[in-house]
Amino acid sequence: MSDIRDQRELDELRKRLYARGPVDNGIERHQLEDDPLAVSATWDLPADDETAFLNQSEQPHRYRKFVLIASLIIFCLVAAGSAAYFYFGNNRISGDNIAFNIAGNNNISGGETVSFQIGVTNQNSVAIEGASLIVKYPEGTRSVTEPVKNLYEERIDVGMLGPGEARNIQLQVAVYGKENQQSQIQATLEYRIVGSDGVFYKNAEPFNVQIISSPIILQVDSVRRVSAGQPVQITLKVKSNTNKVLKDVLITSRYPSGFSYKTAVPDPLYNQNVWKIDELKPEETETIIINGSIIGLNSEGLVVDFTAGASRDDNEFIVGSLLAEARAEFVLEQPFIAVDIDIAGDRDKSVVLEEDKSSVVQVSIKNTLKEPVYDMVVEVVPTGNALKADSIQSRQGFYDSNKNLVRWDVSNTPEFSQVQAGQVRNLNFSIDPVLGQTTASFNIAVNVYAKRVSEPSAVQQLVGTVTAEARYASAASIEGSLSHVTGPLPPKPGQATRYQVKLVAGGGANNLRNTVVTTSLPTFVEWQNEFSGPGTVSFNPISRQLEWSVGDITSGTTKELTFALNFLPSTSQIGTSPTLVNTLNLSAVDRFTNTLVTTSVVGITSEIKGISQERGLVTQ
């Protein structure tokens, strides 16, 4: 029955769906109206009904506020309790609960092995892991194990420390430094908390150390008050102050701009200011002697600093671990004896002399004090390859071949016994050079000693000094000669005679550079542009100037040039030997003295050497 009813309902639905007109299905429809209704904004109700409504609406809001406030109070109490528990309870985790310190001897000897201990105690209730010590050492710290190296920062693995666990780390190093130097050793603990990836740090109180003694003592011995240009000698003594053998001790010096280094014993290892002592035994002393001179203004102070210690890892010539320092101090003062030297009339400090020529040297000594000086001594110290044992000739001075100096004192120069204020004493001597010496030169150092007071026990001191240098320049030469080639000889008017000219340029004791020979030809001589020889040759037909650029000439050698010319005599020249090549001039630069060398010779006439003079005369 159900299926039949369902089918019937479906059939009725199809009829209504496909019907052409409106279908009345018996459903009542209502229309909406647009008429407004007056409703009060206050929902006017009777008084009793309004009060009841308000009471009912406020009840839920009051309950919510109470729940919210209560929840906040409970949350704050729980948070405060938890914080108090973690802060005051046994589960507190803090760097303050890690005991961390450095212990050891605060007073040490420089360069000796020092032992100290770093203690770490974990007082937290949880373990710390990945702990590492970062130790920072003062400058001048070195390892005590081989190979020895400079230490600046060291990282030491500590590992894990459980609750309440302590760890002591023993360290040994050598701290270098000068006496009374104060330094610090610093340590930092790097760690993590178990179960956390964060890295935490804790610093220990710095450990102060003072070097009470240095393993090396530097002593400097030198004069303090010097005159400008005065030679000075600095003696540096390096003394061991320890019971250990010190190896590879580096000594360095720093010179001021006014100090001129000359020599040293022993020779420096590097440059002019680095020495190395391979081994310095206990109580042993090594000595370094430095020679130089001081230049500067009066009253100016100059300081030469010395340092001793171990070299740096990256540069073996620089002190990295300082052991000792010292200094030599100089004060420049005006010399109370003024010394001047004159060589061959030239007062320059560097003089150029002619090759193989003797020269006279005059030394003037003046007392610049306002009081007399006594027992003056003058020593002249000559050096150089231009001198030999008897090169210096003096009427009064005594030549001491053992010391290689010439000395004037009261015994041979009585006027040296007393020199009044402002007085001048003059000395003269001559110098004969070694003949033919290549790059010949000599140096003269004049040292003057005197006493300021006339007492037998008074100390005689160096009061003035001066040095001078002389170099001998080359004596270059130029020569010319003539030979007959063709044509009448003796030459005749109206007929050309052909000659060959030879020029010879020679170097002296030193090498020459930029050598040039110049001359000119008379109007009655024709240049044939035929020549042979080194260098370059040029002829100007207008000025009739001939130039031969020779170039370099080695000491003791010559260079030759030959060229052809035609001579067409005139009747006005009958009975004469005309000049065919005018004056010969040579100029060059001496390589040793760097000075210009010049020489000239007379021109070349029609006379031919080795042939009778008459054959050089112009004839009919």
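Assorted remarks:
- Selection count, the stretch 537-546, where residues are surrounded by fewer than 11 Cβ atoms within 10 Å (Cβ to Cβ) and closer than 23 Å to Thr558 by Cα: 1
- In the set (1) farther than 20 Å from Ser483 by Cβ; (2) surrounded by 15 or more Cβ atoms within 10 Å (Cβ to Cβ); (3) over 50 Å from the mean Cα position of the chain (by Cα); (4) of a type in the set (Ser, Thr, Tyr), Ser577 fails one condition alone, (1).
- Any hit, the stretch 240-248, residues being assigned to a strand (DSSP E or B) and farther than 23 Å from Asp305 by Cβ: yes
- For Asn511, the conditions (1) within 47 Å of the chain's Cα centre (by Cα); (2) within 29 Å of Ser612 (Cβ to Cβ); (3) touching a residue at least 60 places away in the same chain (Cβ under 8 Å) are fulfilled apart from (2).
- Residues within the stretch 302-315 that are in contact with a Leu (Cβ under 8 Å, 6 or more places away or on another chain) and not aliphatic (A, V, I, L, M), tallied: 4
- Residue satisfying condition, being surrounded by fewer than 16 Cβ atoms within 10 Å (Cβ to Cβ), at pLDDT below 95, not hydroxyl-bearing (Ser, Thr, Tyr) and not in a loop (DSSP other than H, G, I, E, B), within set Asn594, Asn529: Asn529
- Of all residues in the stretch 497-518, one or more are part of a loop (DSSP other than H, G, I, E, B), hydrophobic (A, V, I, L, M, F, W, C) and out of contact with any helix residue (DSSP H, G or I) (no Cβ under 7 Å at 6 or more places or on another chain).
- Of all the listed residues (Gly603, Gly556), the sole one being at pLDDT below 95, in the same structural domain as Leu512 (by TED's automatic domain parsing), more than 30 Å from Leu617 (Cα to Cα) and surrounded by 14 or more Cβ atoms within 10 Å (Cβ to Cβ) is Gly556.
- Test: residue in the stretch 460-472 that is under 30 Å from Lys370 (Cβ atoms), outside any strand (DSSP E or B) and at pLDDT below 90: yes
- Of the residues making up the stretch 221-253, those that are under 30 Å from Val114 (Cα atoms) and among the β-branched types (Val, Ile, Thr) are Val238, Thr242, Val245, Val249, Ile251, Thr252.
- Within the stretch 278-297, considering residues that are at pLDDT below 90 and among the β-branched types (Val, Ile, Thr), the one surrounded by the fewest Cβ atoms within 10 Å (Cβ to Cβ): Ile295
- Meets criteria (within 30 Å of Gly507 (Cβ to Cβ), of a type outside the set (A, V, I, L, M, F, W, C) and in a loop (DSSP other than H, G, I, E, B)) for Asp314: no
- Selection from the stretch 397-417 of residues that are part of a loop (DSSP other than H, G, I, E, B) and crowded, with 17+ Cβ neighbours inside 10 Å: Gly397, Asp409, Thr413
The values are calculated or read from the model by the stated rules, or taken from the named source; none is laboratory data. The structure displayed is predicted, hence computed values, not measured ones. For neighbour counting, all protein chains shown are included, and Cβ atoms are generated from backbone atoms with ideal geometry for every residue, glycine included.
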